[in-house]
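To start, the structure itself, in structure tokens.
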Amino acid sequence: QKEVEQNSGPLSVPEGAIASLNCTYSDRGSQSFFWYRQYSGKSPELIMFIYSNGDKEDGRFTAQLNKASQYVSLLIRDSQPSDSATYLCAVPRQAGNMLTFGGGTRLMVKP
Amino acid sequence: DTEVTQTPKHLVMGMTNKKSLKCEQHMGHRAMYWYKQKAKKPPELMFVYSYEKLSINESVPSRFSPECPNSSLLNLHLHALQPEDSALYLCASSPGVAQETQYFGPGTRLLVL
């Protein structure tokens, strides 16, 4: 089992819809979880981080964490074509701050 | 200000060349990182510097040599690279090393001929 797993996609949603991106992780000791957005040819940009079980909202983005199920998700409401990118889930290894990335999910928002 | 800068943006080098990549942050962060990213793959950690000391080397070949001259600067010295080393090289920094947010620079796109 990979340490951090994501569906590679592409996930295609119409403009204005909710995009749901999912991530599972294997290290039960992980305490923090990060979502990065990466446009083609650019570097990863931090979108959200979450430490506690439940939901965390920031504008159109909501991160959801369920530590019992080892599952973290990112919801994007009112999706826009500019949201089309690869979304990377990242989880630090238990010892230290070495991020392990999932393979990324490519999101396509169609006008 | 959450800016990490990297130079150069692009670099083309031959297999016998020596070059250096530079990274700078002025956020007072005490941890800095080098990642390598191949096309359509996630970033892969290469090195971690914590409080200016090399704390993690992810079994990177010796043709890559990191250096941390001070708390704001991070270099990656390149020598005798192979074409398969062509990739996007990303620098990141974080306030500390306790599972904290990492902020990435724009990267250096490297092509080895």
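The values are calculated or read from the model by the stated rules, or taken from the named source; none is laboratory data. It should be emphasised that the depicted structure is a prediction, and the values quoted were computed from it without experimental measurement. Backbone-built Cβ (ideal geometry, glycine too); neighbour counts: all protein chains shown.
Only residues that are in contact (Cβ under 8 Å) with a residue 60 or more places away in the chain, small (Gly, Ala, Ser) and either surrounded by 13 or more Cβ atoms within 10 Å (Cβ to Cβ) or on the phi > 0 side of the Ramachandran plot (or both): list them for region B:1-39, please.
Hits for region B:1-39 are B:GLY28, B:ALA31.
Here is a yes/no grid of residues against (1) of a type in the set (A, V, I, L, M); (2) under 17 Å from A:MET98 (Cβ atoms):
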site	(1), (2)
B:MET32	yes, yes
B:TYR49	no, yes
B:ILE56	yes, yes
B:SER72	no, no
B:ALA87	yes, no
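Do the conditions hold for A:SER40, that is, is it farther than 21 Å from B:GLN37 by Cα and of a type outside the set (Val, Ile, Thr)?
Taking the combined requirement at face value, the residue does not satisfy it.
Give the residue that is surrounded by the most Cβ atoms within 10 Å (Cβ to Cβ), with candidates limited to residues of region A:24-76 that are out of contact with any strand residue (DSSP E or B) (no Cβ under 9 Å at 6 or more places or on another chain) and farther than 24 Å from A:SER12 by Cα.
My answer is A:LYS67.
Being surrounded by 20 or more Cβ atoms within 10 Å (Cβ to Cβ), over 25 Å from B:LYS9 (Cα atoms) and within 14 Å of chain B (Cβ to nearest Cβ) narrows it down to one residue among A:VAL109, A:VAL91; which is it?
Criteria check complete, one pass: A:VAL91.
Restricting attention to region B:64-106, report how many residues are of a type in the set (D, E, K, R) and over 14 Å from the mean Cα position of the chain (by Cα).
Final tally of qualifying residues: 2.
Starting from residues that are small (Gly, Ala, Ser) and assigned to a strand (DSSP E or B), keep the ones in region A:12-23 and report whichever is surrounded by the fewest Cβ atoms within 10 Å (Cβ to Cβ).
A:SER12
Would you confirm whether or not region A:73-84 contains a residue that is within 14 Å of chain B (Cβ to nearest Cβ) and not in a loop (DSSP other than H, G, I, E, B)?
No, there is no match, as no residue in region A:73-84 is within 14 Å of chain B (Cβ to nearest Cβ) and not in a loop (DSSP other than H, G, I, E, B).
Can you say whether A:TYR87 is in a strand (DSSP E or B), of a type in the set (Phe, Trp, Tyr), under 20 Å from B:LYS40 (Cα atoms) and in contact with a Ser or Thr (Cβ under 7 Å, 6 or more places away or on another chain), as far as the supplied structure shows?
Yes; evaluated as a whole, the condition is true for this residue.
Okay, residues lined up against (1) of a type outside the set (Ser, Thr, Tyr); (2) more than 16 Å from B:GLY105 (Cα to Cα):
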residue	(1), (2)
B:PRO8	yes, no
B:ASN17	yes, yes
B:LEU21	yes, no
B:SER50	no, yes
B:ILE56	yes, yes
B:VAL60	yes, yes
B:GLU67	yes, yes
B:SER72	no, no
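For the condition at pLDDT 95 or above and either under 30 Å from B:LEU110 (Cβ atoms) or of a type in the set (Gly, Ala, Ser) (or both), what is the one hit in A:SER26, A:SER69, A:SER73?
Testing whether each residue is at pLDDT 95 or above and either under 30 Å from B:LEU110 (Cβ atoms) or of a type in the set (Gly, Ala, Ser) (or both) leaves just A:SER73.
Would you confirm whether or not region A:2-11 contains a residue that is in contact with a helix residue (DSSP H, G or I) (Cβ under 9 Å, 6 or more places away or on another chain), within 14 Å of chain B (Cβ to nearest Cβ) and either of a type in the set (Gly, Ala, Ser) or surrounded by 19 or more Cβ atoms within 10 Å (Cβ to Cβ) (or both)?
No, because not a single residue in region A:2-11 is in contact with a helix residue (DSSP H, G or I) (Cβ under 9 Å, 6 or more places away or on another chain), within 14 Å of chain B (Cβ to nearest Cβ) and either of a type in the set (Gly, Ala, Ser) or surrounded by 19 or more Cβ atoms within 10 Å (Cβ to Cβ) (or both).
So A:LYS2 passes all but one of these: (1) farther than 18 Å from B:LYS41 by Cβ; (2) assigned to a loop (DSSP other than H, G, I, E, B). Which condition number does it fail?
(1)
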